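These notes are about the structure you will find just below.
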Amino acid sequence: MNRHRSIVLALALAALVLATPAVAQPGCDRFDDGTLRPPSNPNPDAACGGPGPAPAPGPQLGTGSITTLFAQNNQFAGNTFDMVPAVNMTITSFDVNLSAGAATTMNIYWRNGTAFGFESNAAGWTSIGTAGVTPNGPNIPTPVAIGGFTMTGGNTYGFYVDTQTYPSASLMYTNGGPTTFSNADTDLTTFHGKGNPAFAGASFFPRQWNGTVYYDILQDADLDLTKTVDPQVVQPGGTVTYTLTVTNNGPDPANNTVVTDNLPAEFTWTGDDCGAGPPAGGPPNGTLTWNVGNLANQASATCNVTGTVAGPNGAQATNSATATSDSTDPTPPTAAATVTIQQSVLEIPTLSKVGIGLLLLLLAGAAVWALRRSPQV
């Protein structure tokens, strides 16, 4: 009897379930921050009747920026992602996807290594900076003037973008991931949506950050500077020529290369063949600024600086110069050359052995002639 009652109860429960309308999965009708989804912005998750995560865009071309998505379907206060640059670069600013709202303060953090697994732990994170913004509304980029952060190629950096003054506006993002967006300069992989406050708020995974990172590529150019002088010894008032040669050992171009030549007090500039003079602060001496321009990898340029040198006997005139460019140089070069000032000295002529022999014969002949001319006693 009990068995029959159990079967009847089970059939009744099954009929009740079939007759009950389907209930949406938890979160299907709400954003991550708990607000109701409008009919115009349904949850795309397959479990909620949607098509599933949005596909990643195709390869991005060009340099200077990388964009993920501007196709929001969820929102809360923050997002985390990683960047792995292939080259040295400096981040200059960001764009984010914000809901329409009041003036908002954004805070962007970074950490050495991946953000994944550290989204709820504030240790090891450092703020790049904060910036006040006026939200432009969903799927319209809102510029965030936070930058100045430099990354080294080949390293992994975690980022946390936070709406510090949430709920003045919500950071809008897209369900799905983790997704890696790539261009020729960097990879960017999305991870978590984050609640409020930063780090302590709830985490939602996977979520795709909506935004753009703008950056400048840092070029590496190893400059080498040499300087020689001709002649190395000169009489007071004599003319000398200093020769400067700057070479780019690469690997990247050295853009806007400049050589600065600090002329010594003993040197009076008379001319150069590179358009550097006349010197600032002179004549007679001062500073020459030689605008070399762009030097390709392994390219060189030469400048000859001519002038006169004056000073006491034994004085030394040392001419020093430096070279710089817009590219990164781990060891900015300097170079110097020294000329010694010496008074002229009358040289005593020297004779060879043959000359000495002829001189002795001449003296002997003169002595014989003198004896013959002497009066006889």
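Numbers for the structure displayed
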| quantity | calculated |
| --- | --- |
| Residue list for the stretch 296-310, restricted to those being among the small types (Gly, Ala, Ser) and either touching a Phe, Trp or Tyr at 6+ places or on another chain (Cβ under 6 Å) or closer than 17 Å to Val229 by Cα (or both) | Ala301, Gly307, Ala310 |
| Subset of the stretch 186-243 (residues that are hydrophobic (A, V, I, L, M, F, W, C), surrounded by fewer than 15 Cβ atoms within 10 Å (Cβ to Cβ) and at pLDDT 95 or above) | Ala200, Phe205 |
| Single condition Asn248 does not satisfy, out of (1) under 30 Å from Gly117 (Cβ atoms); (2) crowded, with 18+ Cβ neighbours inside 10 Å | (1) |
| Verdict on Thr247 being touching a residue at least 60 places away in the same chain (Cβ under 8 Å) and touching a strand residue (DSSP E or B) at 6+ places or on another chain (Cβ under 6 Å) | no |
| The stretch 198-209 residues that are closer than 10 Å to Asp32 by Cα, paired with ones that are in a loop (DSSP other than H, G, I, E, B) and not basic (Lys, Arg) (beta carbon under 6 Å, 6 or more apart) | Ala202/Gly195; Ser203/Glu119; Ser203/Ser120; Phe204/Asp32 |
| Candidate set: the stretch 214-246, residues that are hydrophobic (A, V, I, L, M, F, W, C) and within 30 Å of Ser327 (Cβ to Cβ); chosen: the one nearest to the chain's Cα centre (by Cα) | Leu218 |
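The values are calculated or read from the model by the stated rules, or taken from the named source; none is laboratory data. From a predicted model like this one, the values you see are computed outputs, not experimental measurements. Using ideal geometry, Cβ is built from the backbone for each residue, glycine included, and neighbour counts are taken over all protein chains shown.
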